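The structure appears below as structure tokens.
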Amino acid sequence: QNALGSLGKSRAKFISAEERTGVTFDDFAGQEYIKRELQEVVRILKNEEEFQNKGIYCPKGVLFHGPPGTGKTLLAKAIAGEAGLPFFAANGTDFVEMFVGVAASRVKDLFASARSYAPSIIFIDEIDAIGSKRGGPDVGGGGAEREQGLLQILTEMDGFKVSTAQVLVIGATNRIDILDPALLRKGRFDKIIRVGLPSKDGRLAILRVHARNKFFRSEEEKETLLQEIAELTEDFTGAELQNILNEAGILTTRKDKDYIGREELLEALKRQKGTFETGQEDNREIPEELKLRLAYREAAVAILACYFPDPYRPFVETNINSINSQPNMRYAETSGRVFLKKSDYVKSIVRACAPRVIEEEVFGIDNLCWISSKATLKASRLAELLILQTGMTAFGKAYYRFQRDLVPNLAPKLEALRDEYMRFALEKCTSVLREHHEAVEVIANKLLEKGGIQAEEIWEIYKTSPRLAQPAVNP
Ligand code: ADP
């Protein structure tokens, strides 16, 4: 029985407490540099000799930010596990209630519990729910409540003495952009660590972790299979990879097999991708018109990928075998040290316009459908990123990510400039697609005929097809 568990219950239902998390850094795979950085925090927490009397103090707060399911909670528990400290966790959304004063008193409770077991760790997941910008738009309601709670967190964190930093506060969010800048100041969350999506090697490492307690026919087969899955799971999070292995385990049992095989893994992967719902292969025919639209969309994406090639991520293959609101084009893993110039951002906006532009060109503006919607959204997001976060546009040289409030009437200014970039990108994309109209047709036909096409063949068609002269579009 966990001694702290009862404390958690009696004092406050919203705190979960663990005396020992039992999680270690071995449980987190990929992004090794994050662990290296945190190992030092753990050593300071354990008050190892090398740090004593050297004026080295522990950070008061560590903030993890990144998409859900990438292992932020896992890392927080691993810090507690490695340092051998009790772990007190709460969720930012639990603080915010309609009753006045609840948020602040819950924050107080959380810190008081942790202090009475100090040294200890506090973990606040979804800290943005309570720590979003003061005076910002009040999305979830309870604005004043939240403000009280946030002030209480700031007070509590400022209250610790540096020399006796006995409670480490760890926060997690996937919306660092809306956090109140006061939280990010020195002496509060002074270590900010991005936990991103894993690379291919990272995915393989994560799969290995979660395959530890699973049965495979042999070590060699396991390794080959995991490598194959790592290849096929670009943009997957650690949590999704874990799900694939669990699901494969369940399928194996259901089929009364002793070992997880390739078939089960691929089926689990399909399920995770959501292309498999009924428990039966979805073999309903894709309607002819939709196929035609998919073929044109993929052909247009391919032409833009040739016209403005991404130097860090060559494309590999595309097909019309699955129906998605974003293109099916597959790219290689990002390689090399990425170094983006303004023109690279603009090119990526132009590329993202391809699905929408070709649909309009071929089927007419009154006859659009949903298959280009995600791409259009992506294009405008990219334009906003360029404007707000790079300082490379006429908008100004500041980095607005944390300081949106510094610019009066930001929204209309942002929209005006974004629309300008979008207008340019749509025009440029249209002119590229008209110039390479012939190649678009050839690729679309190939796709309809064979279902898929490889990069090599796309390049060949792009280079050899006749072009139409187009009036120049300049930024
Ligand atoms: P987050 O807090 O970022 O939303 P979690 O830590 O809750 O993500 O991740 C959920 C689960 O997914 C973890 O408990 C772990 O099993 C698995 N997972 C996620 N990322 C990793 C990783 N990098 N290595 C190993 N397992 C991972």
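Each value in this text was obtained by applying a stated rule to the coordinates, not by laboratory testing. Everything numeric in this text was worked out from a predicted model, so none of it was measured. Cβ sites come from the backbone with ideal geometry, for glycine too, and all protein chains shown count toward neighbours.
Roughly speaking, what is the stretch gain from Thr93 to Glu441, that is 0.36 nm per residue apart minus the C-alpha to C-alpha distance, in nm to one decimal? Mind showing how you got there, number by number?
Values: separation 348, 0.36 × 348 = 125.28 nm, distance 5.17 nm.
That works out to 120.1 nm of additional length.
When Trp370, Trp459 are ordered from fewest to most other Cβ atoms inside 10 Å of their Cβ, what list results? Before the final figure, lay out each step's value.
Working: Trp370 9, Trp459 16.
Starting with the residue having the fewest Cβ neighbours, the order is Trp370, Trp459.
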Problem set entry | Within straight-line cross-link reach of Lys450, aspartates and glutamates at Cα separation under 19 Å, skipping those fewer than 8 residues along the same chain | Glu285, Glu288, Glu289, Glu298, Glu317, Glu438, Glu441, Glu460
Exercise. How do Thr318, Thr93, Thr253, Thr393 line up, fewest other C-beta atoms within 10 Å first?
Worked result: Thr253, Thr93, Thr393, Thr318
Seminar exercise, completed: Whole-Hz Karplus couplings 3J(HN,Hα) for segment 434-442, θ = phi - 60° and coefficients 6.51, -1.76, 1.60, Gly and Pro as x, run 5, 4, 9, 3, 4, 5, 4, 4, 4
Exercise. If packing is taken as the mean number of other Cβ atoms within 10 Å per residue, what is the order of 146-153, 116-123, highest first?
Worked result: 146-153, 116-123
Exercise. How far apart, in nm, are two points set 7 Å out from the Cα along the Cα-to-Cβ line at Asp109 and at Arg36?
Worked result: 4.2
For this session: Any chance you could check the Cα centroid distance between segment 407-458 and segment 25-46 for me, in angstrom?
Result: 43
Exercise. Which residues in segment 409-425 have a backbone N closer than 12 Å to a point placed 7 Å from the Cα of Lys342 along the Cα-to-Cβ line?
Worked result: none
For this session: Can you figure out the FRET efficiency of Arg434 with Ile192, using R₀ = 51 Å and their beta-carbon distance, to the nearest 0.05?
Result: 0.65
Seminar exercise, completed: Between the alpha carbon centres of segment 371-397 and segment 305-323 the gap in Å comes to 21
Exercise. Taking the Cα-to-Cβ direction at Asn246 and at Arg423 and moving 7 Å from each Cα, how far apart do the two end points lie in nm?
Worked result: 5.1
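Can you give the extra length, in nm with one decimal, that the chain gains between Leu151 and Glu228 once fully stretched, where that is 0.36 nm per residue apart less the Cα-Cα distance? Walk me through the intermediate numbers first.
Details: separation 77, 0.36 × 77 = 27.72 nm, distance 4.90 nm.
Here the segment from Leu151 to Glu228 would lengthen by 22.8 nm.
Figure the gain on full extension for Leu266 and Glu415 (residue separation times 0.36 nm, minus the Cα-Cα span) and round it to one decimal in nm. Intermediate values should be presented prior to the final figure.
On the way: separation 149, 0.36 × 149 = 53.64 nm, distance 4.33 nm.
Result: 49.3 nm gained on full extension.
Return Leu269, Leu241 ranked ascending by Cβ neighbour count within 10 Å, so the fewest neighbours appear first.
Numbers: Leu269 22, Leu241 29.
Least to most surrounded, the residues fall as Leu269, Leu241.
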Seminar exercise, completed: Given pairs Lys77/Lys270; Lys200/Lys273; Lys214/Lys270; Lys191/Lys378; Lys77/Lys191; Lys270/Lys463 and cut-off 25 Å on Cα-Cα distance, the over-length ones are Lys77/Lys270; Lys191/Lys378; Lys270/Lys463
Exercise. Counting only residues 5 or more places away or on other chains, whose amide H sits under 5 Å from the amide H of Ile122 once H atoms are built in the peptide plane?
Worked result: Phe88, Leu168, Val169, Ile170
Seminar exercise, completed: Once both label points are put 7 Å beyond Cα along the C-beta direction, the Ala472-Arg20 separation in nm becomes 7.2
